[in-house]
Amino acid sequence: MVEFRYGPVELYLVGFEGDRPDPAVIAALVEQLESGLVRLLDFVLISKSADGDITVTEIETEEFGLGSVELAELGLAGDEDVADLAELIEPGTSAALVTLELLYARKLAERVAASGAVVLSSERIPAPIVNAILDAAEDEGEQS
């Protein structure tokens with residue numbers, strides 16, 4: 001049987017005003033981590049000055065309100081990833097680059113690999129888009 005050390009991994013770049021995310025966002029992240037559905041592999045803060053200068057900070061979990069959560073793979077988001085994603089950040093704002101392992105999908109990934117099958121494509125549809133589409137469809141259904 002195929003056994004993976006890691007399940008699928010997703011990178012999230014979350015932009016915000018100021019130099020750190022809202023505490024409610026950090027609390028929601030901690031809640032997900034504590035649920036066992038995901039594991040935090042890496043957490044990087046990227047700030048872009050009004051002049052366009054980039055500052056990158058590897059986050060220590062205790063100092064950032066993540067409590068006893070440990071980062072499993074510091075540096076997984078490489079310099080090239082950070083540089084590419086930093087282009088998406090507006091001057092005078094910041095973003096958190098969060099690397100999450102999808103623990104809930106590890107077993108599925110193992111079984112897919114063991115069967116000889118391969119994932120040909122995987123695409124995430126952001127929650128705001130899914131909700132807008134379903135709300136529009138619901139509104140259309142009510143008007144019919």
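Throughout, read-outs are computed from the coordinates displayed, never taken from laboratory work. These numbers come from a predicted model, not from an experiment. Cβ: placed from backbone, ideal geometry, glycine included. Neighbour counts: every protein chain shown.
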Each label point is 7 Å from the Cα along the Cα-to-Cβ direction; what then is the distance between the points at residue 70 and residue 57, in nm? 2.4
Under the 0.36 nm per residue contour assumption, what length would be gained going from the current alpha-carbon distance of residue 127 and residue 4 to full extension? 41.5 nm
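Could you give the dipole magnitude of the stretch 9-106 about its Cα centre, charging the beta-carbon of Lys and Arg +1 and that of Asp and Glu -1, in debye to the nearest 20?
On the way: 4 positive and 22 negative charges, 68 e Å.
Approximately 320 debye in magnitude.
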For residue 112 paired with residue 88, estimate the spin-label separation in nm (one decimal), with each label point 7 Å from Cα along the Cα-to-Cβ line. 2.1
What percentages make up the Cα-Cα pair-distance distribution of the chain when the bins are 5 Å wide from 0? 2, 8, 15, 17, 17, 15, 11, 8, 5, 2, 1
For the stretch 29-68 and the stretch 82-144, what is the centre-to-centre distance using only Cα atoms, to the nearest Å? 19
